[in-house]
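Q: Shown below is the structure under consideration.
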Amino acid sequence: QVQLAESGGRLVQAGGSLRLSCAASGRPFSSTVMAWFRQAPGKEREFVAAATWNGRIYYADSVKGRFTLSRDNAKNTISLQMTRLKPEDTALYSCAGTYGSFSYSPLPYNYWGQGTQVTVSS
């Protein structure tokens, strides 16, 4: 089993930057697909970004060009560098993992962190 823990969320002004981190422990990290999802109150949980075990990175269209996902297998962490933040980015951001295939859907992901809140003020 994989345990995930996110950190870095806070209140930030529109146009600002934040870096979220997710630390993994337990089973081998390098064989997983790791992803970030987010969910705002009253909204569906949506895909943000993901990195596969063999180095492919995927982004949602809504964050492409603003967010950068990095994966450090040696440290068992993934990070999400967020820039040019918008109020629409306000959400609880959760780290997720699976030993299966990459998916834009949250349903196949077996492991989830508790989430970290990002609030972007206008």
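The values are calculated or read from the model by the stated rules, or taken from the named source; none is laboratory data. Bear in mind that the values here come from a model prediction, so they are computed numbers and not experimental data. Don't worry about glycine lacking a Cβ; one is built from the backbone with ideal geometry, like all the others, and counts go over all protein chains shown. The accessibility values were calculated without ligands, DNA or RNA, using every heavy atom of the protein model including side chains. Shrake-Rupley method; radii C 1.70, N 1.55, O 1.52, S 1.80 Å.
Q: Looking at residue 97 and the list (1) outside any loop (DSSP other than H, G, I, E, B); (2) farther than 16 Å from residue 1 by Cα, which single condition is not satisfied?
A: Failing condition for residue 97: (2).
Q: Can you name every residue in the range 28-54 that is open to solvent by 30 Å² or more (accessible area, probe 1.4 Å), under 16 Å from residue 104 (Cα atoms) and either among the basic types (Lys, Arg) or not in a strand (DSSP E or B) (or both)?
A: Once the filter is applied, which keeps residues that are open to solvent by 30 Å² or more (accessible area, probe 1.4 Å), under 16 Å from residue 104 (Cα atoms) and either among the basic types (Lys, Arg) or not in a strand (DSSP E or B) (or both), the range 28-54 yields 44, 45, 53.
Q: List the pairs whose first member sits in the range 2-22 and is in contact (Cβ under 8 Å) with a residue 40 or more places away in the chain, whose second member is open to solvent by 20 Å² or more (accessible area, probe 1.4 Å) and of a type in the set (Phe, Trp, Tyr), and whose Cβ atoms are under 6 Å apart, counting only residues at least 6 apart or on separate chains?
A: Here the result reads 2/111; 4/111, each pair linking the range 2-22 to a residue that is open to solvent by 20 Å² or more (accessible area, probe 1.4 Å) and of a type in the set (Phe, Trp, Tyr).
Q: Now, a different point. Tally the residues that are modelled with pLDDT of 95 or more, out of contact with any Cys (no Cβ under 9 Å at 6 or more places or on another chain) and not in a loop (DSSP other than H, G, I, E, B), restricting the search to the range 1-27.
A: 5
Q: Follow-up. Of all residues in the range 71-102 being modelled with pLDDT of 95 or more and among the polar types (S, T, N, Q), which is surrounded by the most Cβ atoms within 10 Å (Cβ to Cβ)?
A: Of everything passing the filter in the range 71-102, 94 is surrounded by the most Cβ atoms within 10 Å (Cβ to Cβ).
Q: Does the range 55-70 hold any residues that are over 11 Å from residue 33 (Cβ atoms), assigned to a strand (DSSP E or B) and open to solvent by less than 60 Å² (accessible area, probe 1.4 Å), and which are they?
A: Listed by number, the residues that qualify are 59, 67, 69, 70.
Q: Step by step: first the residues of the range 12-27, then only those that are among the hydroxyl-bearing types (Ser, Thr, Tyr) and under 18 Å from residue 67 (Cα atoms), then the one that is surrounded by the most Cβ atoms within 10 Å (Cβ to Cβ). Which residue is that?
A: Result: 21.
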